[in-house]
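Visitor: One structure is given below, represented as structure tokens, and several questions about it will come after.
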Amino acid sequence: MSGHLALVGCYTSDGAPGLQSVRVHRHGDVEPLSALEMESPSCVVWHPTLPVAYATNETAAGGVTAVAVDGAGGMRVLGTASTGGSPCHATVTADGRWLLTADYTGSTVTLVELDPDGRPRATVDSAHLVGSGPDAERQEQSHPHMVATDVVGEMLVCVDLGTDLLTSLAISDRGQLTQERTWRLPPGTGPRQIVTHPDGGTALVVGELSGTLLHVRLGDSDDAEVLAEAPTTSGDERSLPAQLTAYGDHVLVSNRGPDTVAVLDVRSSSLAHVAELPTGGRWPRHFAVVDGLLLVANEDSSTIETLELDAGGSGGRLTSSFTTAKPTWVAVRG
């Protein structure tokens, strides 16, 4: 079949519309395929080699659901595993053996062992993170927001919005999760996501509360060395940035509030803005890039808008729109 298979996650009411499979066609048209009733599958990630995906069920109790997906977009549940409260991000290790979730209200990172067929075998461990930050409303406790793999030599890095900390994690062969070391970011940054800088030796972090992109070095000091910092929007309206994605020598950042995706040149010592693309909707939470197209999940306007994107990150012409309730994630099968 032509086009790319993708899964759309969302916040739900009474389990609907749940997890949806779609096909993204050449010019960005999104074709609905099937739906699976599920409670708030807010983040969706694919297994590195199998036709299996994992959706975090972002509820107070928390959980993750494994789903087998066939070539026509048909889905069936393979199994579930418990997590801490409100898991908002998941990642699968490159060997396909472990899944980890960042549990926003649980202040934990949960480790789930996977069977060779991708099924969750068991929740085997969790790491409890402690601390707070200067923002009394948003940083009253630890709020893990991402677990990233293979960041500048670290196997796993947890990004903690509540404590302004980056924490490296390690998994033993027996499934024990340990905290190795931490790096402090400037107070009030409220870090949300991290990616490796194109130079391979440093990292880029987006601060949800500071509304900035930071270029940092994770060295021997307890403080991350900030090499550069720049606002994620060129406008005056306050931004609560969400998604951070590397794109060649640039990064893309979604700005909730201004409702844009910003393109920044990370080769520049000042993290210069290249473009800022209106997303055609409200509250852009997550986006995916495929074949020169940018698919943006606009949570509050309940649309996924497709924009053209060239190699330098400019463009921005809207090519299609797909309506679905409260979309929070677009996961394209690689």
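The values are calculated or read from the model by the stated rules, or taken from the named source; none is laboratory data. Note that the structure is predicted; figures quoted are calculated from it, not measured. Don't worry about glycine lacking a Cβ; one is built from the backbone with ideal geometry, like all the others, and counts go over all protein chains shown.
Per-residue answers, yes or no, for (1) among the small types (Gly, Ala, Ser); (2) closer than 13 Å to VAL159 by Cβ:
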residue	(1), (2)
ARG174	no, no
ARG181	no, no
PRO191	no, yes
GLY201	yes, no
LEU204	no, yes
LEU209	no, yes
GLY219	yes, no
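Visitor: Name, by its number, the condition in (1) assigned to a strand (DSSP E or B); (2) closer than 22 Å to HIS286 by Cβ that does not hold for ARG121.
Guide: Just one mismatch for ARG121, condition (2).
Visitor: While we're looking at this one, here's another question. Looking at segment 218-237, which of its residues are closer than 24 Å to PRO144 by Cβ and surrounded by 17 or more Cβ atoms within 10 Å (Cβ to Cβ)?
Guide: Selection gives LEU218, ALA224, GLU229, THR232.
Visitor: Still on this structure: Based on what the data block shows, is VAL109 within 18 Å of TRP98 (Cα to Cα) and surrounded by 15 or more Cβ atoms within 10 Å (Cβ to Cβ)?
Guide: The answer is yes for VAL109.
Visitor: Moving on to the next point. Which one of these is outside any strand (DSSP E or B), over 16 Å from the mean Cα position of the chain (by Cα), on the phi > 0 side of the Ramachandran plot and not polar (S, T, N, Q): GLY316, GLY280, GLY312? Explain how you work it out, then say what you get.
Guide: Details: GLY316 fails: outside any strand (DSSP E or B); GLY312 fails: on the phi > 0 side of the Ramachandran plot.
Of the residues listed, the single one that is outside any strand (DSSP E or B), over 16 Å from the mean Cα position of the chain (by Cα), on the phi > 0 side of the Ramachandran plot and not polar (S, T, N, Q) is GLY280.
Visitor: Pairs under 7 Å by beta carbon, first residue over 17 Å from GLN139 (Cβ atoms) and without any contact (Cβ under 8 Å) to a residue 60 or more places away in the chain in segment 102-119, partner buried (at least 24 other Cβ atoms within 10 Å of the Cβ) and among the basic types (Lys, Arg), six or more apart or different chains?
Guide: The qualifying pairs do not exist here.
Visitor: Look at segment 281-300 and say how many of its residues are within 22 Å of GLU237 (Cα to Cα) and either surrounded by fewer than 19 Cβ atoms within 10 Å (Cβ to Cβ) or without any contact (Cβ under 8 Å) to a residue 12 or more places away in the chain (or both). Talk me through it step by step, then tell me what you get.
Guide: Initial filter on segment 281-300 (within 22 Å of GLU237 (Cα to Cα)): 281-287, 296-300.
Add one more test, that the residue is either surrounded by fewer than 19 Cβ atoms within 10 Å (Cβ to Cβ) or without any contact (Cβ under 8 Å) to a residue 12 or more places away in the chain (or both), and what stays is 282, 300.
So the count comes out to 2.
Visitor: Could you run through segment 83-121 and say how many residues are hydrophobic (A, V, I, L, M, F, W, C) and at positive phi?
Guide: Here the count works out to 0.
Visitor: Within segment 319-330, which residues are part of a strand (DSSP E or B), out of contact with any His (no Cβ under 9 Å at 6 or more places or on another chain), in contact (Cβ under 8 Å) with a residue 60 or more places away in the chain and among the small types (Gly, Ala, Ser)?
Guide: Across segment 319-330, there are no qualifying residues.
Visitor: Moving to a separate point now. Name the residue that is nearest to LEU100 (Cα to Cα), counting only residues in segment 17-44 that are surrounded by fewer than 17 Cβ atoms within 10 Å (Cβ to Cβ) and touching a residue at least 60 places away in the same chain (Cβ under 8 Å).
Guide: Per the stated criteria, the residue is PRO32.
Visitor: Report yes if THR306 is touching a residue at least 60 places away in the same chain (Cβ under 8 Å), part of a strand (DSSP E or B) and farther than 26 Å from ALA55 by Cα, otherwise no.
Guide: no
Yes or no, residue by residue, for (1) over 22 Å from the mean Cα position of the chain (by Cα); (2) surrounded by 23 or more Cβ atoms within 10 Å (Cβ to Cβ); (3) modelled with pLDDT under 95:
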position	(1), (2), (3)
ALA53	no, yes, no
VAL69	no, yes, no
GLY85	no, no, no
ARG97	no, no, no
THR101	no, yes, no
PRO120	no, no, no
VAL124	yes, no, no
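Visitor: Residue by residue through segment 138-176, note down the ones that are over 24 Å from VAL226 (Cβ atoms) and not small (Gly, Ala, Ser).
Guide: To start, the set of residues in segment 138-176 that are over 24 Å from VAL226 (Cβ atoms) comprises 140-141, 170-176.
Once the filter is applied, which keeps residues that are over 24 Å from VAL226 (Cβ atoms) and not small (Gly, Ala, Ser), segment 138-176 yields GLU140, GLN141, ILE171, ASP173, ARG174, GLN176.
Visitor: Looking at (1) touching a strand residue (DSSP E or B) at 6+ places or on another chain (Cβ under 8 Å); (2) in contact (Cβ under 8 Å) with a residue 40 or more places away in the chain; (3) surrounded by fewer than 21 Cβ atoms within 10 Å (Cβ to Cβ), find the lone condition where ARG267 falls short.
Guide: Condition not satisfied by ARG267: (1).
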